[in-house]
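Shown next, in structure tokens, is the structure this report addresses.
All of the numbers you see were taken from the coordinates with simple rules; none came from a lab. A quick note: this is a predicted structure, and the numbers were derived from the prediction, not measured. Note that each Cβ is placed from the backbone with ideal geometry, even for glycine, and that neighbours are counted across all protein chains shown.
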Ligand SMILES: Cc1ncc(COP(=O)(O)O)c(C=O)c1O
């Protein structure tokens, strides 16, 4: 795929998994000598296509400069690229305004920004924040810290055996004491797709705000923040084929305007004096210091990559992988899938007999298969199921049925060793 | 019976593992060795005897037998049990001072060095550190006694 600095007008093309795979250099590699890599750890982070890698190289080779500062040519080029990436991302999630897109280090920082900045003005003693039992630690701990600061209470929506939220429990919890509902769009540990649109509407009905942890959704589905009507939406570049160290906090303009800055420093001020400092307007108010310029531009390229694909075709492909993998894994004796909700993304957590996930993952690695083992930063969820962790195979758009076959064959091979 | 030295025991393990030229055989053997691990009594599977930094749960307890230090351990993962069994084979029933000064290198040479990689290192490394720390404490007790 040709890439030049200002290429990449989104172009829809039919989904051709071989052609897509060919754009990812790491997927061509081998591990442990001659084992072709089967990368099934996509929920942790995705691999990067040439478009992203080349774009970052081009930035450093041709455009590197600090942004928003210089009168000189390169600074203008870099600023245009950085702000251009913001525009792409705003379009990608269908934000009403470009300045509603705040660059962060990732999902974690986005959630912490809201917890820190909005926190005290939103909540006081006796108020409640609602999360669910399947949340990532990133969407639990910042709220626990906030609750401690202001004397609010954290309420937790329980999860069913299958891995779905108990919706009645949720609506029972909602009330005028509810300040905020913070919920994961797609569970990284179970794959469950939560009914966030309805949950947001129900939160609004009692006057609460809604924050969506979208760390696992932008790579699998189209996200439209206006259609969702969420107040905040956080995601990470590295999970959607972009660079690490960059992510986005989307927030509704009125809320972001009302919130105080998160960090102080250069780039976020209007005027500084010792008598008093005034802050810059959105989005810069929340971006103190020199930003992760190449990260933002690289994330813009990842958006170009995704927009160049037909997302309906991508989703059909991932659904096929999920269905096929679920069927095939179930042919293995004693294998138990954790997370069998109706609405699922292509994430499969499982246990094989009594084998410890660590043993399974270590042996799969010897055969070139990269999976995640452990609690997946969801310890309360693991406690809920009474297990120390799982083996997790998470599929991205570049995975194939062949990858599923390799996983299943490998599990069959190691099973005698571990029983 | 004469105690074989730490380097001698390492050497023996390296020779045994040379018999395997594929990872499957090596891991199969490692898992077998784990089944013979001198197990820690359940009563000692407490936080006090837990080794931090491992992906699986590991408990390790030192004891003194004659003038030697001996270890018992357990883990909920089979590969981890195998690795501890190897460490115990090398370091258990040795004079405390020898363990305290030991430079344990054999894991690298038997081709299990991925367990020393940075993500897992903490686990295995803290196991070795803990074994040495116990031995050091025993060696000091002896000196003051
Ligand atoms: C559901 C979910 N939320 C939050 C995060 C945190 O994302 P990051 O580490 O990129 O900030 C992750 C990533 O592991 C996740 O899967």
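Remarks
- Largest GNM mean-square fluctuation among A:331, A:221, A:362, using chain A with Cα springs under 10 Å: A:331.
- Average projected area [Cα convex hull, region A:246-301], square nanometres: 4.3
- Averaged over the residues of peptide A:383-392, the number of Cβ atoms from other protein chains lying within 10 Å of each residue's Cβ is 1.
- Chain A - share of DSSP beta bridges that are antiparallel (%, nearest 5): 55
- Peptides A:407-418, A:301-312 ranked from most to least packed give A:301-312, A:407-418, packing being the mean of other C-beta atoms within 10 angstrom over each peptide's residues.
- Measure of compaction for region A:53-307 (Cα Rg per 2.2 N^0.38 Å): 1.03
- Helix B:6-17 axis, angle to chain B major axis (alpha carbon atoms, nearest 10°): 20
- Of A:19, A:95, A:393, the residue with the greatest mean-square motion in the GNM of chain A, using alpha carbon springs below 10 Å, is A:19.
- By the Cα gyration tensor, region B:6-144 has an equivalent ellipsoid whose semi-axes, rounded to whole angstrom, run 24, 18, 14 from largest to smallest.
- With Cα atoms, 0 to 90° folded angle of helix B:78-91 axis to chain B main axis: 50
- Helix B:23-35 and the long axis of chain B differ in direction by around 30°, with both axes built from C-alpha atoms.
- Relative contact order %, chain A, counting alpha carbon pairs below 8 Å whose residues are six or more apart: 23
- Listed peptides B:138-144, B:77-83 by packing density, highest first (mean Cβ within 10 Å): B:77-83, B:138-144
- Test item: B:76-85 mean partner chain Cβ contacts at 10 Å: 4
- Projected-area mean, region A:27-94, by convex hull of Cα positions, square nanometres: 6.9
- Theoretical ellipticity at 222 nm over chain A - DSSP helices of four or more residues, -39500 (n - 2.57) apiece, nearest 500: -10500 deg cm²/dmol
- Shape of region B:19-78, Cα gyration tensor, a/c cut at 1.5: oblate
- Alpha-carbon centroid distance for the pair region A:271-301 / region B:68-97, whole angstrom: 54
- Diffusion constant of the protein assembly as shown at 37 °C, which comes from Stokes-Einstein with the Kirkwood Cα-pair radius and 0.692 mPa s, µm²/s: 125
- Stokes-Einstein D (µm²/s) once Rh is taken as the Kirkwood radius of region A:238-389 over alpha-carbon pairs, at 25 °C in 0.890 mPa s: 123
- Here the label points at residue A:91 and residue A:60, each 7 Å from Cα along the C-beta direction, are separated by 2.8 nm in the simple model.
- Candidates A:282, A:256, A:321: whichever shows maximal mean-square fluctuation once chain A is modelled as a Gaussian network with Cα springs under 10 Å: A:282
- C-alpha center-to-center spacing [region A:394-419, region A:14-52] in angstrom: 16
- Isotropically averaged projected area of region A:129-213, using the convex hull of Cα atoms (one quarter of hull area), nm²: 5.0
- Extension gain (nm, one decimal) between residue A:44 and residue A:312, 0.36 nm per residue minus Cα-Cα: 94.2 nm
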